[in-house]
Amino acid sequence: MQPLSLQKRLPNITTSIILENINLTNLWKECNLQNRKAQAQFYSYFSKKMFAVCMRYSHTTLEAEDILQNGFVKIFTKHNTYDGKGSLEGWMKRIMINTAIEVYRANQRKLTESIDDNENIQIESHLVADQMGYKDLLKLVQHLPLGYRTVFNLYAIEGYTHKEIAEMLRITEGSSKSQLSRARQWLQTKISKQAY
């Protein structure tokens with residue numbers, strides 16, 4: 001049985017979540033009416049979460065900021081494509097990923113970038129009890145060549161299948177599998193070097 005103090009607090013937590021959802025719903029409606037103040041508040045509320053998504057697909061913070069900015073422009077200009085089914089945040093995340101894929105396609109000539117060019121990258125890492133932290137792993141993923149990183153993020157983090165990745169990136173399923181395998185090998189090598 002829960003302590004009485006916890007039981008008293010739970011309704012407040014539920015109420016605050018409901019109020020937050022109502023406020024976000026109202027804010028979204030105002031954004032759809034091109035209310036710039038509402039759009040600024042909406043951006044402020046979601047920008048950190050969406051920036052984290054963008055960072056997984058970019059080489060630099062500047063590139064991630066560009067993807068974020070372009071993604072929010074699409075969100076505000078294509079608001080009518082959100083049909084209310086599923087979460088708004090999930091829809092926004094999909095737009096950010098698609099925007100990152102557009103950048104990837106524009107830079108596709110880098111797809112064949114040799115992994116050997118990245119072999120000399122040294123990452124400062126703080127390992128505690130032989131466990132790599134999330135931020136350390138994210139730093140390593142950031143240094144994967146563009147093609148490897150994009151496939152790794154879509155497969156390992158976003159949960160897409162190789163078939164879906166192949167369609168999105170306009171590559172073969174075999175290329176998707178190969179790039180994922182090479183990305184994993186590269187990451188395992190870097191992790192084992194840092195562990196010793």
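A short reminder: the numbers here are calculations on the coordinates, not readings from a lab. Since we're looking at a predicted model, the values are computed, not measured. So basically every Cβ, Gly included, is an ideal-geometry build from the backbone, and we count neighbours across all protein chains shown.
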Discussion item. Given a Förster distance of 41 Å, report the FRET efficiency between residue 48 and residue 105 from their Cβ-Cβ distance, rounded to the nearest 0.05.
Written reply: 0.95
Worksheet item: Which of 135/163; 37/78; 74/177; 49/163; 37/74 have a Cα-Cα distance over 20 Å?
Response: 135/163; 74/177; 49/163
Practice prompt. Loop only per DSSP, at most 15 neighbouring Cβ atoms within 10 Å: give me the trypsin sites (Lys or Arg not before Pro) in the stretch 139-196, ordered by residue number.
Written response: 170
Item to complete: Along Cα→Cβ, 7 Å out, is where each label goes; now give me the distance between the ones at residue 61 and residue 163 in nm to one decimal.
Response: 4.1 nm
Fill in: Net charge, residue 79 excluded, C-beta distance under 12 Å - Lys, Arg +1, Asp, Glu -1
+1
Worksheet item: Using θ = phi - 60° and the Karplus form 6.51 cos²θ - 1.76 cosθ + 1.60, what ³J(HN,Hα) does each residue of the stretch 54-67 get, whole Hz, x for Gly and Pro?
Response: 4, 4, 5, 10, 10, 7, 10, 4, 4, 5, 5, 5, 5, 4
